[in-house]
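Pasting in a structure now, in C-alpha cells, and then I'll have a few things to ask.
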Amino acid sequence: MTSVAEASRPAGRAAGGGAGGAAGRGAWFLVLPALIPILVLSVGPLLYGILLAFTDAQSGRTAGTRWIGALNFRDLWHDTLFWESFRIGLVWAVGVTVPQFLLALGLALLLDQELRLRPLARALAIVPWAMPEVVVAIMWRLVYNPDAGVLNETLRDLGLGHGRDWLSGLATALPAVIVVGVWAGMPQTTVALLAGLQNTPRELHEAASVDGAGAWRRFRTVTWPALRPVALAVTALNLIWNVNSFALVYVLTSGGPGGKTRLPMLFAYEEAFRYGQFGYAAAMGCVLVAVVSILLAVFLAGRLRGGEDA
C-alpha cells in the first residue's frame, strides 16, 4: 500500500503542475488585451525615443540616420535655452500643482458638507474637467484679451487702470498661464479628494466632536490622516501631468513672449517639428523623463517616510 501511495505522488504533483500551468496561461490570455496596447502605444514609443536620442535623425535629409552616441546629450548639457525652459517648467509645475491642491481641498471640504444644492454644486465644480484643453485655452485668451477681455473690462469699470496685455507682458505671461492651469486642473483633484473624504467614517468625526475637538483639530487628527494617501497620489499625478503640459500653454502663448512660457515640452516640440532635429528632441525627452522620475521618487520617498513617522 505504501509503495502504491508513494508511486502516485509524482503523478499528482505533475497533474497539479499541469493545472497550475494551464491557469497561468489562461491568466496571460486575459491580460493580453490590456497589455498589448500598453506595449504598442507606451513602451514601444518610449524605447524608440531612447534609441532615437543616440542618432542624428533629422527631417528632410537624404543621407541615412547615423549613430552618434551621447553627442546629443553633450550638446544638451551646454544648451542654456533648454535648461532655462526646464526652470520655467518647474516653476509652472509647482506653481500650478500647489494652488491646485489647496483650492481643490477647500472645495472638496465644502462640497462634503450638507449643502442645500449640493448635487448642482458638484456638477458645476467639474465643468472645466469636461472641456478640452484647447477650448479652455481659447476661452481664457478671450478673458485676457487686452481690448475687449472680461478681465480688463472689469478692471476698467472698477477704476483699477486701463488694463494690460496679460499674455504678452514679460512679467505677467507666466502667472497668467499658471492661473489657467490651476482653473483647468482643479476639478479632477477635487473629485479625488472628495472621494477620499466620503470614505472617512463619520463615527470618527462624531467621536472627536464629543471629545470637544474643534473643526481644525478634527481636520488635523481625523480628516487629514484618512485623506493623506489620496492626497499623495493625486499630487504625484498632478505633478507629472503639469510637467508634461503642452496644449494649454501652446494655444495660450506658444511659448512667448521671449520664451517666458516656453515649457520643456514646447522646446522639444519646436526642435522636432519646426527645426526637424528629431534626435536632439528625443534626447530632451529622455532627460525630462529621467529628471522628473528622480524628483518624483524623492517626493514620494519623503512623503511616505513622513507618513511612517506620523
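The values are calculated or read from the model by the stated rules, or taken from the named source; none is laboratory data. Remember, predicted model here, so these are calculated numbers, not experimental data. Note: ideal-geometry Cβ built from the backbone for every residue, glycine included; neighbour counts use all protein chains shown. Accessible surface areas use protein heavy atoms only, side chains included; no ligands, DNA or RNA. Shrake-Rupley method; radii C 1.70, N 1.55, O 1.52, S 1.80 Å.
Of the residues that sit in the stretch 241-274 and are hydroxyl-bearing (S, T, Y) and modelled with pLDDT of 90 or more, which one is least open to solvent (accessible area, probe 1.4 Å)?
T261
Of all residues in the stretch 118-147 being at pLDDT below 85 and in a loop (DSSP other than H, G, I, E, B), which is farthest from P187 (Cα to Cα)?
V127
Filter the stretch 102-160 for residues that are of a type in the set (S, T, Y) and more than 30 Å from the chain's Cα centre (by Cα) and give the result.
The initial filter retains those residues of the stretch 102-160 that are of a type in the set (S, T, Y), namely 144, 154.
Once the filter is applied, which keeps residues that are of a type in the set (S, T, Y) and more than 30 Å from the chain's Cα centre (by Cα), the stretch 102-160 yields only T154.
I would also like to ask the following. Checking L151 against (1) in contact with a Phe, Trp or Tyr (Cβ under 7 Å, 6 or more places away or on another chain); (2) in a loop (DSSP other than H, G, I, E, B), only one condition comes out false. Which one?
The number of the failed condition is (2).
Report, by residue number, each residue of the stretch 194-246 that is within 18 Å of G181 (Cβ to Cβ) and among the aliphatic types (A, V, I, L, M).
Initially, the stretch 194-246 is screened for residues within 18 Å of G181 (Cβ to Cβ), giving 234-246.
V234, A236, L237, L239, I240, V243, listed by residue number.
What number of residues in the stretch 179-204 are farther than 26 Å from V94 by Cβ and open to solvent by 40 Å² or more (accessible area, probe 1.4 Å)?
6
Each row is one residue, and each column tells you yes or no for (1) open to solvent by 50 Å² or more (accessible area, probe 1.4 Å); (2) under 16 Å from the mean Cα position of the chain (by Cα).
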{"site": "W216", "(1), (2)": "yes, no"}
{"site": "P225", "(1), (2)": "yes, no"}
{"site": "A236", "(1), (2)": "no, yes"}
{"site": "L239", "(1), (2)": "no, yes"}
{"site": "L296", "(1), (2)": "no, yes"}
{"site": "A301", "(1), (2)": "no, no"}
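Can you name the number of the only condition in (1) part of a helix (DSSP H, G or I); (2) open to solvent by 40 Å² or more (accessible area, probe 1.4 Å); (3) of a type outside the set (S, T, Y); (4) within 27 Å of V249 (Cβ to Cβ) that D165 fails?
D165 satisfies every listed condition except (1).
Confirm whether L115 is without any contact (Cβ under 8 Å) to a residue 60 or more places away in the chain, under 24 Å from A226 (Cβ atoms) and in a loop (DSSP other than H, G, I, E, B).
Working: without any contact (Cβ under 8 Å) to a residue 60 or more places away in the chain: yes; under 24 Å from A226 (Cβ atoms): yes; in a loop (DSSP other than H, G, I, E, B): yes.
The answer is yes for L115.
Another question, then. Can you find, within the stretch 72-90, the residue that is farthest from the chain's Cα centre (by Cα) among those that are open to solvent by less than 60 Å² (accessible area, probe 1.4 Å) and not charged (D, E, K, R)?
N72
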